[in-house]
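Take a look at the structure below.
The values are calculated or read from the model by the stated rules, or taken from the named source; none is laboratory data. Predicted model only: the values in this text are computed from it and were never measured. Here the Cβ positions follow ideal geometry from the backbone for every residue, glycine too, while neighbour counts run over all protein chains shown.
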């Protein structure tokens, strides 16, 4: 019985990793759609968001069902509760990729990103990708060293976000209000994406160590 | 034993309502600080956010402890899982009020909101307050009629958000990029606040009816 339970717990962990993989693809594709003005890829990300949502619903039902049947206590219960929270964060990260892709689609055939900001958005996309790779490792191997690295990567994302706003506020900004609104929202989506990665990473850190990695 | 369990369950419901009350005060005060350029009130909201966070942590620990001790199944388990999710939404709504208050503080002694947008932000604040009042009722009385009304109120918030962007995009917009960035973010905070109210309301609706109120 105990083994069956842990098999199911492992299965939940596997599905969370699968969600993480889909979120990685979604955000990479969304960034690529944005930077290469690629409508097909944008549409693909927008359509794929339902897949992530469906996996979350199925996973949460499975998790709650396992709680009801096996009545876990202590660390097993905490792991299951944490799984519910992680799936919610991952679902939201998928939503944010979807929002990025919708910005790309909304401005097509124009680019949503003016040339001055291509380097910043490129960098934000790379940090997002690095974050999610580390997150997979944190989730799969309960890797607390990488969990702490994610905090630093999030600081990098925050700095890029400040840089982005700084460029918008430059006196010479030639692109007007609409582009500034677009870029403000895009910057926010990447920043929030990183925040959710930090949130998941902190949950794993707490599960492993019993301590909060930061305030 | 059964009664003790339900007393504790009621206690969790009471704490969730208390959080909702604090979130209502936070968002009302934040809107007021923004519109009346009131630094003292902005500081009060910013300082009070920790209180909401602390209540969430204490409540979640209590909820998980109750799960471990009482091993609930079926509807009791679903109620406890839903409580964890609702506390996360309420905590995030508190964060959004905190963000609004920080915008007020950042621009003080100037107003963060130009005169053209005072009516829109005022209306967004009123919709936010209406939403949270209805949400209290939905949570306290499991009121599915009001749960459906919250969907309509959220549509109203989305319309105000579109109006706000429309005003920013007006050719005559005289306030420059910085104010446009501020207002884009503020609009987003109110919109997300409403989204979280909808999310909680849908969870209650599902608990009561076993059906999703919408997609």
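Has segment A:111-132 got any residue that is buried (at least 16 other Cβ atoms within 10 Å of the Cβ), touching a helix residue (DSSP H, G or I) at 6+ places or on another chain (Cβ under 6 Å) and free of Cβ contacts under 8 Å to residues at least 12 places away in the same chain? Scanning segment A:111-132, I find no residue that is buried (at least 16 other Cβ atoms within 10 Å of the Cβ), touching a helix residue (DSSP H, G or I) at 6+ places or on another chain (Cβ under 6 Å) and free of Cβ contacts under 8 Å to residues at least 12 places away in the same chain, so the answer is no. For residue B:81, state whether it is closer than 24 Å to residue A:196 by Cβ and more than 14 Å from chain A (Cβ to nearest Cβ). Considered against the rule, which asks whether it is closer than 24 Å to residue A:196 by Cβ and more than 14 Å from chain A (Cβ to nearest Cβ), residue B:81 comes out as no.
Conditions (1) in contact (Cβ under 8 Å) with a residue 40 or more places away in the chain; (2) within 16 Å of residue A:94 (Cα to Cα), marked per residue:
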position	(1), (2)
A:150	yes, no
A:153	yes, no
A:156	no, no
A:160	yes, no
A:180	no, no
A:184	no, no
A:196	yes, yes
A:202	yes, no
A:207	yes, no
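Residue B:176: within 14 Å of chain A (Cβ to nearest Cβ) and modelled with pLDDT under 95, yes or no? Considered against the rule, which asks whether it is within 14 Å of chain A (Cβ to nearest Cβ) and modelled with pLDDT under 95, residue B:176 comes out as yes. Note on segment B:58-78: residues that are part of a helix (DSSP H, G or I), facing chain A (nearest Cβ under 10 Å) and on the phi < 0 side of the Ramachandran plot total 11. Checking B:25, B:52 one by one, the residue that is under 14 Å from the mean Cα position of the chain (by Cα) and surrounded by 21 or more Cβ atoms within 10 Å (Cβ to Cβ) is B:52 and no other.
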